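K.L.:
Let me begin by handing over the structure; questions about it come next.
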Amino acid sequence: MKEIYLDKNENPFNIPDAIKEKFIDYVKNADFNRYPEKGLPSLIEGLGRFTGLGPERIIAANGSDELLDMLIKRAAGDIVISSPTFEMYSFYATNYGHSAIDVPLNDDFSLNAPEIIKRRDAKLVIICSPNNPTGNLIGRDSIKAVLESGVTTVLDNAYYEFSGEDYTDLIRKYDNLIILRTFSKAFSLAGMRVGYGMAKPDLMVGLKKLQAPFYMNILSAKLAEIMMENYSLIEEKINYIVRERKRVYGELGEIAYNSDTNFLMLKKDLYDYLAGKGIHIRKLPLVKDRSRITIGTAEENNILISAVREYIKNK
Ligand SMILES: *Cc1c(COP(=O)(O)O)cnc(C)c1O
């Protein structure tokens with residue numbers, strides 16, 4: 001039995017060969033004995049161009065997880081989250097001895113902005129859009145309502161590339177907003193650990209003070225740069241995954257929620273059933289009777305679809 005891994009929202013494709021070649025050329029001549037250039041300016045400038053925001057609005061780190069860690073530590077107080085959502089938020093809050101105050105999403109998975117705004121004691125609000133594990137985008141109006149309250153707000157935008165919804169215009173407008181993105185999902189670089197944040201220059205200066213000068217290794221930084229320079233190759237894969245997501249949703253519609261990401265939340269907990277067939281999906285311990293599947297290659301998705309159909313037929 002071939003094992004299939006659809007559990008971590010990884011990209012099913014490794015990086016394109018053309019990019020691998022460029023990276024290997026770099027590795028052959030890299031000065032491993034030297035520290036990276038202080039602040040990794042080439043990466044920051046690349047991200048500034050790629051996002052259109054300029055280097056003064058960019059911070060990079062070892063995965064967006066590291067930025068979440070840094071921001072939650074800096075908040076030094078209780079944070080507000082909206083369950084069901086990414087579990088690392090409460091993990092870091094607890095690590096620093098604070099609480100993650102939960103203002104759950106509404107029944108349709110929209111944000112309960114009025115209740116979030118009432119939590120005036122909170123130091124940080126974290127909004128995940130598109131949200132993991134529910135898969136939906138959070139409406140701009142509700143995000144703006146939270147921003148208008150003045151509380152420092154993190155918008156975790158890890159699945160941006162699959163969603164088509166760009167929130168970066170809000171960066172120029174709100175000085176209390178930090179948007180986080182990652183190279184782990186759409187860019188196929190989960191193993192390299194590269195994430196970045198965007199915010200107004202004033203806020204950025206404060207954040208960068210918390211960061212060591214040599215905060216990332218040269219290989220991760222270089223590969224991220226090559227990926228951005230060859231974005232059209234990445235885009236092909238993103239388009240493939242979005243097409244597959246729509247197809248899988250079309251096939252599993254009655255048992256899945258629609259999604260703006262590279263995963264679908266299922267209306268049943270099929271973790272054990274699918275594990276028995278060698279298909280590994282994500283159990284959602286905090287969400288009763290639900291589970292989450294990552295969109296894989298067409299071949300993997302077909303195996304998943306047959307297995308789920310069989311489940312529905314026999315239940
Ligand atoms: C996968 C994911 C991340 C990415 O974390 P990295 O540390 O960049 O790999 C961040 N937020 C959410 C909601 C995710 O699902």
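A short reminder: the numbers here are calculations on the coordinates, not readings from a lab. Model, not experiment: these values are computed from the prediction. Heads up, the Cβs are rebuilt from the backbone with ideal geometry, glycines too, and the neighbour counts pull from every protein chain shown.
K.L.:
What's the magnitude of the charge dipole for the chain around its Cα centre, counting Lys and Arg as +1 and Asp and Glu as -1 at the beta-carbon? Answer in Debye, nearest 20.
P.N.:
Here the size comes out at about 300 debye.
K.L.:
Pop a pseudo-label 7 angstrom from the Cα along the beta-carbon direction at both residue 110 and residue 190 and give the gap in nm to one decimal.
P.N.:
3.3
K.L.:
Please check: in the Gaussian network model of the chain (C-alpha springs, under 10 Å), which one of 231, 271, 196 has the largest mean-square fluctuation.
P.N.:
231
K.L.:
If you don't mind, another one. Please list, or write none, the aspartates and glutamates whose alpha carbon is within less than 14 Å of the alpha carbon of residue 208, excluding same-chain residues fewer than 8 places away.
P.N.:
Within the straight-line cut-off, residue 208 pairs with 56, 66, 69.
K.L.:
What order do you get for 94, 153, 261 when you list them from fewest to most C-beta neighbours inside 10 Å?
P.N.:
With the sparsest Cβ surroundings first, the list reads 94, 153, 261.
K.L.:
Can you tell me which lysines have their Cα less than 17 Å from the Cα of residue 20? Leave out same-chain residues fewer than eight positions away.
P.N.:
Partners found: 28, 222, 237.
K.L.:
Average the reciprocal distances over every distinct pair of alpha-carbons in the stretch 125-240, invert the result, and give the Kirkwood radius in Å.
P.N.:
Answer for the stretch 125-240: a Kirkwood hydrodynamic radius of 15.4 Å.
K.L.:
If each DSSP helix of 4+ residues adds -39,500 (n - 2.57) and the sum is divided by the residues in the chain, what number results at 222 nm, nearest 500 deg cm²/dmol?
P.N.:
Computed mean residue ellipticity for the chain: -12500 deg cm²/dmol.
K.L.:
Here's something else I'd like to know. With springs only between Cα atoms under 10 Å apart, run a GNM on the chain and tell me which of 305, 281, 238 wobbles the most.
P.N.:
305
K.L.:
Oh, and also: For the stretch 212-315, with only Lys/Arg (+1) and Asp/Glu (-1) charged at the beta-carbon, what is the dipole magnitude about the Cα centre, in debye rounded to 20? Mind dumping the intermediate values first?
P.N.:
Numbers: 17 positive and 14 negative charges, 108 e Å.
The calculation lands at about 520 debye.
K.L.:
Between 93, 75, 212, where does the largest GNM mean-square fluctuation fall for the chain, given springs only between Cα atoms within less than 10 Å?
P.N.:
212
K.L.:
Please state the shape class of the chain: rounded when a/c is under 1.5, otherwise prolate if a/b exceeds b/c and oblate if not, all from the C-alpha gyration tensor. Intermediate values should be presented prior to the final figure.
P.N.:
On the way: a/c = 1.91, a/b = 1.15, b/c = 1.66.
Note, shape of the chain comes out oblate.
K.L.:
Calculate how many DSSP beta bridges within the chain are antiparallel, expressed in % of all such bridges and rounded to the nearest 5.
P.N.:
50
K.L.:
To make sure I understand the rule: partners must be lysines, Cα under 26 Å from the Cα of residue 268, and not fewer than 8 residues away in the same chain. Which ones qualify?
P.N.:
Once the sequence-local lysines are set aside, what remains near residue 268 is 2, 8, 185, 246, 277, 283, 288, 313, 315.
K.L.:
With unit charges on the beta carbon (Lys/Arg positive, Asp/Glu negative), name the residue among 138, 296, 100 whose Cα is farthest towards the positive pole of the charge dipole of the chain.
P.N.:
100
K.L.:
May I pose another question? What's the exposure ranking of 13, 32, going from fewest to most Cβ atoms within 10 Å?
P.N.:
In order of increasing Cβ crowding within 10 Å: 32, 13.
K.L.:
Give the calculated FRET efficiency between residue 314 and residue 214 to the nearest 0.05, with a Förster radius of 35 Å applied to their Cβ-Cβ distance.
P.N.:
Numbers: r = 56 Å, r/R0 = 1.60.
Given R0 = 35 Å and the Cβ-Cβ separation, E is 0.05.
K.L.:
Please give the contour-minus-distance gain from residue 175 to residue 50: 0.36 nm per residue of separation, less the Cα-Cα distance, rounded to one decimal in nm.
P.N.:
Extending this stretch completely gives an extra 42.9 nm.
K.L.:
Taking 7 Å along the Cα-to-C-beta vector as the label spot, tell me the residue 229-residue 91 distance in nanometres, rounded to one decimal.
P.N.:
Label at residue 229, label at residue 91, 3.3 nm between them.
K.L.:
May I pose another question? Where does each of 161, 66 land when they are ranked from fewest to most other beta-carbon atoms within 10 angstrom?
P.N.:
66, 161
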